[in-house]
1. Does the range A:683-700 contain any residue that is within 15 Å of A:Phe624 (Cα to Cα), within 14 Å of RNA strand B (Cβ to nearest atom), without any contact (Cβ under 8 Å) to a residue 60 or more places away in the chain and surrounded by 18 or more Cβ atoms within 10 Å (Cβ to Cβ)?
2. Could you please give the count of residues in the range A:156-183 that are in contact with a helix residue (DSSP H, G or I) (Cβ under 7 Å, 6 or more places away or on another chain) and among the aliphatic types (A, V, I, L, M)?
3. Somewhere in the range A:631-641, is a residue crowded, with 19+ Cβ neighbours inside 10 Å, small (Gly, Ala, Ser) and farther than 18 Å from A:Ala695 by Cβ?
4. Being near RNA strand B (Cβ under 8 Å from one of its atoms) and modelled with pLDDT of 85 or more: is that true of A:Ala913 here?
5. Taking the options A:Gly152, A:Gly214, A:Gly243, A:Gly141, name whichever one is on the phi > 0 side of the Ramachandran plot and touching a residue at least 24 places away in the same chain (Cβ under 8 Å).
6. Give me the residue from the range A:192-224 that is more than 20 Å from A:Ile104 (Cβ to Cβ) and among the hydrophobic types (A, V, I, L, M, F, W, C) and, out of that set, farthest from the chain's Cα centre (by Cα).
7. Being more than 21 Å from A:Leu349 (Cα to Cα) and either away from RNA strand B (no atom under 14 Å from the Cβ) or in contact with a helix residue (DSSP H, G or I) (Cβ under 8 Å, 6 or more places away or on another chain) (or both) narrows it down to one of A:Asp253, A:Asp278, A:Asp284, so name that one.
8. Counting just the residues of the range A:591-602 that are touching a strand residue (DSSP E or B) at 6+ places or on another chain (Cβ under 9 Å) and more than 8 Å from RNA strand B (Cβ to nearest atom), which one comes out modelled with the lowest pLDDT?
Amino acid sequence: MEDAGSGSRELPRAYDPAAIEDRWAESWVRERLFEVKTPDEARLNELRTEGHDVFTILLPPPNVTGRLHMGHMLNQTEMDILTRWRRMRGDLALWLPGTDHAGIATQMMVERQLAEEGQQRQDLGREAFVERVWEWKRHYGGAILEQMKRLGASVDWSREYFTMDGHLSVAVREAFVRLYDEGLIYRGAYIVNWCPRCQTAISDLEVAHEEQQGDLWEIRYRVVGAPGEFVTVATTRPETMLGDVAVAVHPLDERYQKYLGRKLMLPLTDREIPVIADEWVKSDFGTGAVKVTPAHDPNDFGIGRRHGLPSIDVMDETAHMNAEAGAYAGLDRYAARKKVLEDLEAQGLLGAVREHVNTIGKCDRCKTVVEPRLSTQWFVAVNQSPKAGGDSMAELARRAVREGHIRITPEQYAKVYLEWMNNIYDWCISRQLWWGHRIPAWHCAACKQITVAREDPDNCAHCGSAEITQETDVLDTWFSSGLLPVSVFGWPQPARDFDVFYPTQLLVTGFDILFFWVARMIMLGCWFSKDVPMSDGSTREAKDTVPFREVYIHALVLDAERQKMSKVKGNVIEPVETAKRYGTDAVRFTLASMASPGTNIAFSEARTEGYRAFANKIWNAARFIFMNVEKARGAGIVVDRAALGAMPMVAADAPLEARWIVARLNSEAAEVNAALGEYRFHEAASTVYQFFWGAFCDWYLEIVKLRLDFSEGADRAAAKAELTTLLQTFEAALRLLSPFMPFLTEELWHAVYAGEPPAKSIALTRYPQGKAQTDDRAESDFALLQELIVAVRALRKEVGVGEKVAAPIRIRATRDGLPFLAHSDIIRRLARVTEIHPAATMAEGAGVRSTPQFDVQVIYEKKIDTSAESERLTKELAKQEKVLASAEKQLRNPAFLAKAPEHIVEGLKKQQAETRLLIEKTRKALEELG
RNA sequence: GGGCGCAUAACUCAGCGGUAGAGUGCCACCUUCACACGGUGGAAGUCGUAGGUUCGAAUCCUGCUGCGCCCACCA
């Protein structure tokens with residue numbers, strides 16, 4: 001029997017997400033539901049002919065060390081909603097997961113583990129340490145993906161990658177070699193941001209700037225050969241004076257003209273340093289004289305270069321003073337600062353000390369104060385054109401956004417991106433770590449030259465010497481993750497995956513990694529894909545080089561007090577734990593309903609409670625429906641399963657509520673589709689919520705109770721028709737809801753089909769599109785009916801009719817007759833009315849509710865509370881008069897009549913007429929009350 | 001030093017040129033045979049502040065106040 005609706009399994013009275021979620025999460029993975037086979041050309045053409053497309057989305061790879069937080073869950077909920085939606089629309093939807101090896105973070109994690117065993121990584125040696133990290137990764141890595149599985153993310157697990165996988169490492173190496181050969185990767189000694197704790201260079205982006213109250217010290221440098229004369233410099237970092245090689249002043253600064261070319265005696269040392277002129281110096285800052293320390297300050301480094309000065313490095317990699325610092329050697333930088341100041345003071349060389357707000361850079365990862373340090377590193381020359389000519393990487397990346405090949409939502413971030421891109425510096429990509437992609441460069445002991453190669457070389461490419469050793473540095477993690485959009489699809493090998501899935505459609509991510517990752521992907525993606533021909537052999541145009549066509553920047557998730565969640569503050573809301581308490585669907589719905597583009601989310605559990613109630617509401621609607629399906633079956637009435645799965649269609653002579661609910665389903669579905677197309681998750685969520693609860697449950701289900709009479713002598717054909725519409729609408733509503741609440745809808749959808757569903761999952765069915773059937777007449781008729789029912793309910797309350805008591809009503813139509821009387825059964829049931837008496841006049845002294853269309857009274861012996869009613873009416877009257885006054889004022893204004901659009905004027909005229917009528921009615925009612 | 005965002009009902013947020021909406025909370029009534037994680041009715045906002053543009057402003061512009069964020073090589 002091809003029937004629908006479950007009777008086989010009684011649904012529990014209250015929805016218990018815990019009872020179903022693990023089961024489905026596990027099943028979706030086991031059934032390989034979301035795996036995408038790379039289509040061949042024929043299949044692809046077929047897809048496109050049908051009006052569908054490939055939808056590829058890359059999961060921003062979480063760190064292997066990561067645990068899922070609310071930000072991830074928001075990000076994943078948004079991606080999952082979109083992916084499920086696109087899949088259900090018939091697109092080939094691929095959501096690709098993976099994890100990032102996260103250089104510093106992971107290395108730190110394992111080092112901490114070693115520390116507990118009383119060891120350091122140096123004790124193990126590089127090879128053993130790296131092996132240890134791999135082992136850690138195998139044991140603990142990727143826990144976050146397991147959490148993701150539990151939350152039902154519809155990703156293709158068969159394609160899961162790790163950024164240190166073999167084929168991805170090949171891509172990293174290829175990219176490095178190509179850029180090096182182009183002269184776009186270079187090695188050199190420059191000032192970089194150095195973290196003394198991590199003992200590695202970090203990029204500009206990995207430095208967090210903090211303002212703090214500090215001191216600006218003035219130090220007197222004796223002028224050689226001029227006893228009693230000094231040049232006073234100002235500095236915030238006195239300890240670096242030990243590495244000074246000059247003092248610079250502005251060339252036009254009159255105060256110092258006489259010292260130009262003279263020598264100064266560097267205090268605390270026996271070195272003499274020159275006074276030089278450089279335009280970079282601002283005469284109005286400090287004393288106008290700057291100590292020049294090329295090894296410890298990027299500006300000084302620049303001055304040093306311009307003037308051919310040496311660099312004296314006075315610190316080691318742990319920010320302790322080195323041998324160059326003489327007596328201060330071995331001291332930590334702050335201890336050295338203290339001692340330097342004391343010694344200067346003792347020698348009378350310390351001048352004024354001023355309070356000074358300065359910004360200090362801290363290591364993003366460990367919060368240690370970063371030291372600008374001269375060291376030899378590898379850089380990507382992002383602003384440089386390749387040898388053969390053409391645009392630089394940065395320029396390509398700017399054009400991609402400027403010319404609209406990549407659309408960023410919300411738009412304001414496009415500006416932020418371009419602003420950053422316009423001011424970008426070369427990217428330091430080397431890290432002094434052990435965990436990561438080792439730089440494929442070999443140093444020759446014989447000729448000192450560098451060999452960069454795809455395959456590990458045995459000999460120097462320049463002199464042939466076998467005495468070569470590999471570079472010890474590894475690459476910045478973002479170098480490999482920046483390549484992901486090309487590398488996951490097989491680049492640099494020619495690959496069908498690349499042809500089909502590149503460019504990806506969308507990137508959903510947080511603002512915090514816009515520069516770190518998004519910008520780098522755009523640079524590297526555009527750069528490397530431009531040489532990959534299209535699948536038909538044609539040259540790739542700029543628009544097809546981008547790594548993704550759209551970027552959606554999502555909100556930050558804050559706690560209910562709008563504070564950033566952090567372990568330190570202890571205000572972290574655990575998503576999986578929260579999902580267990582309220583149900584994953586409820587948490588997802590909370591996030592979706594608050595995910596308005598461009599605003600942050602203050603996550604509140606109160607709201608989640610509300611959506612748990614919503615889930616329960618859906619559950620119970622299902623129970624009610626299944627119960628009736630059972631009842632019908634008992635009477636030999638069975639709904640054909642084939643009627644389900646599409647948009648319900650109703651006959652023109654079907655009951656009003658059936659035509660209405662189907663019309664509503666169509667219009668709401670259209671709205672949801674439109675909202676999702678523009679990332680307005682909150683609108684989509686509130687639309688489905690209002691539809692299901694406010695329309696389907698509150699009105700349709702209540703009316704349907706009138707129709708589901710399957711007993712002998714009842715209109716069984718009508719009952720069956722209504723039951724069919726009910727089931728169809730519910731099934732369609734489940735599909736509409738399913739991207740937002742995948743677990744609950746999956747469970748109920750299977751129940752609708754009594755355990756014999758037409759597909760393995762609701763996720764594989766089609767999304768309601770909402771173009772099928774509209775019915776304005778049904779919507780407006782129903783709206784009038786609702787107005788009447790609400791008015792009667794309110795009157796009953798006023799007059800004091802008990803909840804269970806039914807009472808007659810008196811009704812008078814103002815103009816359009818009494819069309820709603822045709823639905824007296826609905827009025828009787830929903831407003832608890834016995835008889836409906838059409839009347840020409842309203843009775844005096846009884847409460848009246850009036851609308852422009854009708855007046856209505858409840859006939860009941862118990863009189864109303866006249867003073868309360870009079871108060872209400874007075875208030876009502878005041879409101880109406882205000883509305884009227886405002887309308888009249890505008891309608892009297894010739895400028896308004898001349899300039900306002902016609903429909904506004906017409907609307908206002910209508911409002912004016914209706915309000916006048918209402919005022920008249922209200923006044924009369926007040927008079928009658930006395 | 002630049003740049004950006006936000007201020008709307010008690011709370012959390014929508015709305016972003018035509019006279020204010022939702023959820024939660026609150027008040028009253030109702031344990032009616034899907035659901036008390038429920039139903040019905042109700043109270044609640046001079047849309048931060050001062051100007052301006054407009055026939056019309058919560059909505060656009062400017063100043064101010066208060067929060068928050070990002071970027072930045074003045075020692």
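The values are calculated or read from the model by the stated rules, or taken from the named source; none is laboratory data. What you see is a predicted model, and the numbers here were worked out from it, not measured in a lab. Every residue, glycine among them, receives a Cβ derived from its backbone with ideal geometry; neighbour counts consider all protein chains shown.
1. Start the filter on the range A:683-700 by keeping residues that are within 15 Å of A:Phe624 (Cα to Cα), which leaves A:692-693, A:696-700.
Cutting the leftovers down to within 14 Å of RNA strand B (Cβ to nearest atom) gives us A:692-693, A:696-700.
With the extra rule that they be without any contact (Cβ under 8 Å) to a residue 60 or more places away in the chain, the set shrinks to A:698, A:700.
The next check asks that each one be surrounded by 18 or more Cβ atoms within 10 Å (Cβ to Cβ); those that pass are A:700.
Yes, there is a match, as at least one residue in the range A:683-700 is within 15 Å of A:Phe624 (Cα to Cα), within 14 Å of RNA strand B (Cβ to nearest atom), without any contact (Cβ under 8 Å) to a residue 60 or more places away in the chain and surrounded by 18 or more Cβ atoms within 10 Å (Cβ to Cβ).
2. Final tally of qualifying residues: 4.
3. Yes, because at least one residue in the range A:631-641 is crowded, with 19+ Cβ neighbours inside 10 Å, small (Gly, Ala, Ser) and farther than 18 Å from A:Ala695 by Cβ.
4. Working: near RNA strand B (Cβ under 8 Å from one of its atoms): no; modelled with pLDDT of 85 or more: yes.
Here the answer is no, as A:Ala913 does not meet what is asked.
5. Details: A:Gly214 fails: on the phi > 0 side of the Ramachandran plot; A:Gly243 fails: on the phi > 0 side of the Ramachandran plot; A:Gly141 fails: on the phi > 0 side of the Ramachandran plot.
So the residue among A:Gly152, A:Gly214, A:Gly243, A:Gly141 that is on the phi > 0 side of the Ramachandran plot and touching a residue at least 24 places away in the same chain (Cβ under 8 Å) is A:Gly152.
6. From the range A:192-224, those more than 20 Å from A:Ile104 (Cβ to Cβ) are A:211-224; that's our starting set.
The next check asks that each one be among the hydrophobic types (A, V, I, L, M, F, W, C); those that pass are A:216-217, A:219, A:223-224.
Numbers: A:Leu216: 42, A:Trp217: 46, A:Ile219: 51, A:Val223: 60, A:Val224: 62 Å.
By that ranking, first place goes to A:Val224.
7. Values: A:Asp253 fails: either away from RNA strand B (no atom under 14 Å from the Cβ) or in contact with a helix residue (DSSP H, G or I) (Cβ under 8 Å, 6 or more places away or on another chain) (or both); A:Asp284 fails: either away from RNA strand B (no atom under 14 Å from the Cβ) or in contact with a helix residue (DSSP H, G or I) (Cβ under 8 Å, 6 or more places away or on another chain) (or both).
Testing whether each residue is more than 21 Å from A:Leu349 (Cα to Cα) and either away from RNA strand B (no atom under 14 Å from the Cβ) or in contact with a helix residue (DSSP H, G or I) (Cβ under 8 Å, 6 or more places away or on another chain) (or both) leaves just A:Asp278.
8. Here is the first cut: in the range A:591-602, the residues touching a strand residue (DSSP E or B) at 6+ places or on another chain (Cβ under 9 Å) are A:591, A:594-595, A:597-598, A:600-602.
Add one more test, that the residue is more than 8 Å from RNA strand B (Cβ to nearest atom), and what stays is A:591, A:595.
Details: A:Leu591: 90, A:Ala595: 82.
Ranking the candidates gives A:Ala595 first.
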